[in-house]
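In what follows, a structure is listed as structure tokens, so that the remarks can point back to it.
The values are calculated or read from the model by the stated rules, or taken from the named source; none is laboratory data. This one's a predicted model, so the numbers in the text were calculated from it and none came from an experiment. Glycine also receives a Cβ, built like all others from the backbone with ideal geometry; neighbour counts cover every protein chain displayed. SASA here: full protein model, heavy atoms, side chains in, ligands and nucleic acids out. Shrake-Rupley method; radii C 1.70, N 1.55, O 1.52, S 1.80 Å.
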Amino acid sequence: KQLVVPRDPSLPPEVFHWIPFVGSSIAYGDDPLKFFFECREKYGDVFTFTLLGRKVTVALGAKGNNFVLGGKSTAFSAEDAYTHLTTPVFGKDVVYDVPNEVFMEQKKFVKVGLSTENFRAYVGMFEQEVDNYMRSDQAFIIWQMDDINEWGRFDVTDVMAQITILTASRTLQGKEVRSGLDKSFSALYNDLDGGFTPLNFMFPNLPLESYRRRDKAHKKMSEYYTDIIRKRRESGHSDEPDMISALMDQKYRDGRPLRDHEIAHIMIALLMAGQHTSSASGSWTLLHLAQNVEVQEALYQEQVDHFGNPDGSFRPMTYEGFRQLPVLDSVIRETLRMHPPIHSIMRYCSFRCPSSRDSRCPSKDGVYVVPKGYYVLASAAVSQVDPLIWVNPTKWDPTRWSDPEGVAAQAFKTYSDENGEKIDYGFGAVSKGTESPYQPFGAGRHRCIGEQFAYLQLGTVISTIIRKVELRLEDGITEIPEHNYHTMITMPKKPRNVCYRRRRFD
Ligand code: HEM
């Protein structure tokens with residue numbers, strides 16, 4: 001007789017697995033979206049799976065997003081979920097190494113550095129960095145070409161990774177980091193980045209060379225930044241339009257200024273937070289543009305209309321001008337819908353709270369309680385391509401955002417009607433709430449503060465490239481690459497080449 005252990009009906013259903021401890025790690029790690037959609041078919045929106053010994057309760061849909069991200073920080077903790085991954089890389093006394101209320105203060109300090117005034121200065125710097133990069137022989141060889149009809153080819157993620165670090169360091173990170181990029185800083189960054197992988201997330205301490213390199217790189221990078229801060233203070237030059245300057249002026253509520261190592265570690269955290277997210281988003285954008293020549297031409301035309309000179313050259317972009325480009329905006333928005341760089345957001349459930357609002361997972365099977373010691377997981381990557389919510393969810397169609405009567409607007413109307421609720425997402429503002437199905441930048445207290453910077457950076461980079469070159473997929477290739485989920489940030493699988501041809505000589 002088979003022994004059947006009755007399931008506690010207050011617990012979410014468990015995903016069946018053969019091997020204890022390993023559980024569903026391989027299915028989840030290989031293709032989390034496929035795994036989540038398959039589990040939803042079997043178990044509904046809320047289910048628990050085993051990830052290398054951890055119990056992870058997934059809550060899908062917009063309500064699931066709200067459950068995880070709108071939860072009280074005392075019930076669901078980001079620091080307990082992430083600190084073993086982030087503290088060795090970012091360093092002590094910042095982000096998830098401090099109590100949440102301290103990190104919230106640190107986020108406010110960072111917001112000071114992400115000011116409109118700084119953004120105004122950044123647009124020209126972004127443009128200049130991309131221009132210099134395209135003229136250099138690092139990746140684009142186009143400037144050496146004599147024949148305007150000649151096509152070249154580049155690995156889109158390699159190029160975007162370089163452009164992203166060049167533009168971020170020139171602006172937010174400051175001129176010292178930018179000049180260090182040509183020297184020792186890049187190697188340090190690479191070693192640190194090698195310690196920010198799913199392996200590090202799953203196994204905080206392994207006796208591996210990459211872990212040792214990570215620790216060494218962190219120490220050196222921390223010193224690199226504290227050195228910059230000290231020199232700036234000594235020379236009295238701390239009024240650069242960058243984040244280091246902004247942080248040097250900040251004080252905690254109790255009047256204590258940020259210590260040098262805290263500034264250094266926040267700078268490392270920002271470097272890591274913005275690098276792969278932006279370079280992945282830029283890569284997907286260029287791939288989609290290469291595939292959709294019509295949208296690419298509309299984007300080019302938008303640049304001509306707003307910044308074009310009669311002789312075919314362009315005026316420099318401005319922050320104010322940038323904010324009036326609906327095609328560019330919808331191209332980025334739609335790319336982030338289909339390819340949010342972060343597919344899973346996790347929290348650790350610090351206590352069992354049966355009567356709390358937070359513990360009530362909305363599900364067609366009723367209300368579940370997530371026990372202490374479980375992780376909870378939200379996936380905007382699922383709700384952003386959910387066929388129950390979106391019209392043609394797998395079609396990359398930027399017009400769904402630019403037309404108020406378009407498919408995005410219809411999708412949201414249908415969605416709220418189906419649930420019989422009057423949730424006003426507000427067209428164009430759908431990324432705001434914790435219950436929105438569209439959340440590439442997260443939601444709630446841990447929401448991204450780099451969104452505006454990322455939009456400006458990506459927008460300027462993409463526009464500068466599109467002004468100079470036409471893009472196509474390689475001969476015989478009609479589809480863009482699949483997602484590679486084996487990295488922390490969802491990247492395009494190789495090969496991921498884009499062909500380019502110069503639009504004009506200048
Ligand atoms: C948080 C996405 C760029 C800094 C987040 C979260 C997401 C996200 C989904 C929420 C994480 C969670 O709840 O656990 C993105 C995307 C980006 C991007 C898609 C680019 C396309 C940036 C940039 C910066 C940045 C450029 C820095 C300038 C942060 C910070 C947090 C955050 C400080 C807060 C983490 C917390 O409160 O726990 N980002 N991000 N991000 N991001 Fe971004």
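Annotations
- Where Val130 falls short, out of the listed (1) without any contact (Cβ under 8 Å) to a residue 24 or more places away in the chain; (2) surrounded by 19 or more Cβ atoms within 10 Å (Cβ to Cβ): (1)
- Check on Lys108, among the basic types (Lys, Arg), touching a strand residue (DSSP E or B) at 6+ places or on another chain (Cβ under 6 Å) and either within 16 Å of the ligand (Cβ to nearest atom) or not in a helix (DSSP H, G or I) (or both): no
- Residue within the range 316-334 that is within 11 Å of the ligand (Cβ to nearest atom), modelled with pLDDT under 95, in contact with an Asp or Glu (Cβ under 9 Å, 6 or more places away or on another chain) and not in a helix (DSSP H, G or I) present: no
- Applying the condition of being part of a helix (DSSP H, G or I) and within 11 Å of the ligand (Cβ to nearest atom) to the range 87-105 and asking which residue is modelled with the lowest pLDDT yields Asn100.
- Any hit, the range 88-105, residues being open to solvent by 10 Å² or more (accessible area, probe 1.4 Å) and more than 23 Å from Asp254 (Cα to Cα): yes
- Single residue of Lys395, Lys422 found to be modelled with pLDDT of 75 or more, part of a loop (DSSP other than H, G, I, E, B) and open to solvent by 60 Å² or more (accessible area, probe 1.4 Å): Lys395
- Look at (1) at pLDDT 95 or above; (2) open to solvent by less than 50 Å² (accessible area, probe 1.4 Å); (3) closer than 23 Å to Met202 by Cβ; (4) of a type in the set (Val, Ile, Thr) and you find that Ile26 fails only one, number (2).
- Candidates Asp31, Asp8: the one that is under 15 Å from Ser379 (Cβ atoms) and either surrounded by fewer than 15 Cβ atoms within 10 Å (Cβ to Cβ) or of a type outside the set (Gly, Ala, Ser) (or both) is Asp31.
- Of the helices (runs of 4 or more DSSP H) lying entirely inside the range 167-279, those containing at least 1 residues that are open to solvent by 50 Å² or more (accessible area, probe 1.4 Å) span 175-181, 184-193, 198-202, 209-235.
- Residue, nearest to the chain's Cα centre (by Cα), within the range 320-349, restricted to residues that are open to solvent by 20 Å² or more (accessible area, probe 1.4 Å) and either closer than 15 Å to Ser463 by Cβ or charged (D, E, K, R) (or both): Arg333
- Among the residues of the range 286-304, none qualifies, meaning not one is part of a loop (DSSP other than H, G, I, E, B), surrounded by 21 or more Cβ atoms within 10 Å (Cβ to Cβ) and in contact (Cβ under 8 Å) with a residue 40 or more places away in the chain.
- With respect to the conditions (1) outside any loop (DSSP other than H, G, I, E, B); (2) farther than 20 Å from Val369 by Cα; (3) in contact (Cβ under 8 Å) with a residue 24 or more places away in the chain, Thr57 falls short on a single one, namely (2).
- Of residues in the range 440-456 being more than 7 Å from the ligand (Cβ to nearest atom) and open to solvent by less than 20 Å² (accessible area, probe 1.4 Å), the one nearest to Gly321 (Cα to Cα): Leu456
- The lone criterion from (1) of a type in the set (Ser, Thr, Tyr); (2) open to solvent by 50 Å² or more (accessible area, probe 1.4 Å); (3) at pLDDT below 90 left unmet by Ser356 is number (2).
- Residue within the range 462-481 that is farther than 20 Å from Leu270 by Cβ, in a strand (DSSP E or B), open to solvent by 30 Å² or more (accessible area, probe 1.4 Å) and polar (S, T, N, Q) present: no
- Residue in the range 469-488 that is within 13 Å of the ligand (Cβ to nearest atom), within 22 Å of the chain's Cα centre (by Cα) and in contact (Cβ under 8 Å) with a residue 24 or more places away in the chain present: yes
- Single unsatisfied condition, Ala408 versus (1) in contact with a helix residue (DSSP H, G or I) (Cβ under 8 Å, 6 or more places away or on another chain); (2) within 16 Å of the ligand (Cβ to nearest atom); (3) at pLDDT below 70: (2)
- Note on the range 149-166: residues that are among the small types (Gly, Ala, Ser) and surrounded by 19 or more Cβ atoms within 10 Å (Cβ to Cβ) amount to 1.
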